[in-house]
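Structure record follows, encoded as structure tokens.
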Amino acid sequence: MLTCRNGIRWISSTSTALKGPRNYVNRKTGRGCGNSVLPRFQWRYDKALGKGFQKSMGLKFGIDMGLEDRLLLVSLGTKQRRLDDKKVAQLSRIMEERIGEVMATDETLARLQIQIVKVRVDRSFTQVSVSWLCQGEGDSEVTDVLESSRHEIRKRVGESIGVTCPELNFIGDKS
């Protein structure tokens with residue numbers, strides 16, 4: 001905006017034309033103005049608008065876009081744990097001790113005298129494979145008892161370690 005003082009034209013810095021929307025990033029703080037999208041974040045903006053558009057159209061016209069299911073599946077896939085070898089070995093030893101304690105205190109399992117050979121926890125901590133020694137006679141009875149009581153064993157192991165125990169799979173070892 002031009003102003004006239006003493007016959008001289010001055011450009012005023014308080015002009016609304018010069019202030020306008022600030023589409024810059026402050027170098028000291030790294031912050032920009034709130035209503036602009038930086039080019040490096042444009043892909044996030046487009047993705048967010050796409051999901052919002054699909055959801056709003058689905059709600060408006062009653063079409064099930066399946067967006068909630070897709071978001072749930074994506075979040076489940078990204079939040080899985082990936083344990084390293086050292087942590088897997090530590091957890092396997094802990095689970096072997098706890099499963100042994102639970103099996104020793106249970107009357108029906110203690111009567112069968114089941115010997116645990118190896119316990120293996122998978123990398124995502126969703127499954128525990130328990131190998132037990134097959135003795136030849138009575139293996140079908142042992143398999144039936146283990147399958148029927150595995151949920152109780154899982155519950156008691158979870159209580160003893162203070163964490164939800166993953167699914168237990170009992171595997172007969174014939175070595």
Restricting attention to region 95-108, report how many residues are crowded, with 18+ Cβ neighbours inside 10 Å and not in a helix (DSSP H, G or I). 0
Which one is farthest from the chain's Cα centre (by Cα), of the residues in region 107-131 that are among the charged types (D, E, K, R) and closer than 14 Å to Phe170 by Cβ? Lys118
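Answer yes or no as to whether Met57 is modelled with pLDDT under 90, surrounded by 11 or more Cβ atoms within 10 Å (Cβ to Cβ) and not aromatic (Phe, Trp, Tyr).
In short, yes.
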Could you count how many residues in region 90-108 are at pLDDT below 90 and touching a Leu at 6+ places or on another chain (Cβ under 6 Å)? 0
Looking at region 139-163, I want the residues that are loosely packed, with under 12 Cβ neighbours inside 10 Å and have a partner that is modelled with pLDDT under 90 and not in a helix (DSSP H, G or I) with Cβ atoms under 8 Å, at least 6 apart or on another chain. Which pairs are those? none
Picking from Lys86, Lys51, which residue would you name as being part of a helix (DSSP H, G or I) and either at pLDDT 70 or above or on the phi > 0 side of the Ramachandran plot (or both)? Lys86
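The values are calculated or read from the model by the stated rules, or taken from the named source; none is laboratory data. As the structure is a prediction and not an experimental result, all values here were calculated from the model. Methodologically, a virtual Cβ is constructed for each residue, glycine included, from the backbone with ideal geometry; neighbour enumeration extends over all protein chains shown.
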